[in-house]
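The values are calculated or read from the model by the stated rules, or taken from the named source; none is laboratory data. Predicted model only: the values in this text are computed from it and were never measured. FYI the Cβ positions are ideal-geometry reconstructions off the backbone, even for glycines, and counts take in every protein chain you see. Note: areas computed on protein heavy atoms with side chains; ligands, DNA, RNA excluded. Shrake-Rupley method; radii C 1.70, N 1.55, O 1.52, S 1.80 Å.
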Amino acid sequence: MIKKVVVIVMGLALGFTAKTNFAQKRGPSTSEERKRAVEIATLLENDPLNKNAKALSGELLRWIIEVPDITFAICTSVLGDAKLEGEYQPNIASQFTFSAAKFVIEHPKQANDEYLENLAGAKGALKAYKNIKKVNPKVRMEPLEQLLMKQKAGQLEDSVKDAMSKCK
């Protein structure tokens, strides 16, 4: 499954130590777990540099990996053709995933719409990026700056569609 592979790689890249045993089967997510996931994803969009951000990101990432019923496909090309670099790259990459998961939870009837999942991921990543820039105005990630311009011009949706064509 695309989500599982990408999320595992993200977890390793971000330095999270998720003790996930894929032989161990767990049941579907509970409503309380989904509520908590949405709360964490929203908090990290709004306050990506929160003092508990690393722990919360690890908690949410482990949960996304473990639950069998929250699945989604993400296309990292949506965040730009150039590789994101810099101190805040893990925040942005993880937020992309967390916002896509949040969308799936909040919109179960649209949960199989890869475009909407990726659009939600992009919007969440951009929101987190803008909030990082409020704290540290010197931060500049060129691919995200380009996406912000597209968002401001009302072209984010088309940009996401174009980028997803590269992931097929």
Result of the Cβ filter at 7 Å on the stretch 97-121, keeping first residues that are free of Cβ contacts under 8 Å to residues at least 24 places away in the same chain and partners that are open to solvent by less than 20 Å² (accessible area, probe 1.4 Å) and not hydroxyl-bearing (Ser, Thr, Tyr), at least 6 apart or interchain, is Ala120/Ala100
Top-ranked residue in the stretch 141-156 [being open to solvent by less than 50 Å² (accessible area, probe 1.4 Å) and not hydrophobic (A, V, I, L, M, F, W, C); ranked as farthest from the chain's Cα centre (by Cα)]: Glu145
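For the stretch 95-112, name all the residues that are buried (at least 16 other Cβ atoms within 10 Å of the Cβ) and at pLDDT below 95.
Ala111
For residues that are open to solvent by 10 Å² or more (accessible area, probe 1.4 Å) and of a type in the set (A, V, I, L, M, F, W, C), scanning just the stretch 113-137, find the one that is nearest to Arg36 (Cα to Cα).
Applying the filter and picking the extreme gives Ala120.
Considering the stretch 30-80 alone, what residues qualify as being assigned to a loop (DSSP other than H, G, I, E, B) and either in contact (Cβ under 8 Å) with a residue 60 or more places away in the chain or surrounded by 16 or more Cβ atoms within 10 Å (Cβ to Cβ) (or both)?
Correct list: Asp47, Pro48, Leu49, Val67, Ile70, Thr71, Phe72, Ala73, Ile74, Cys75, Gly80.
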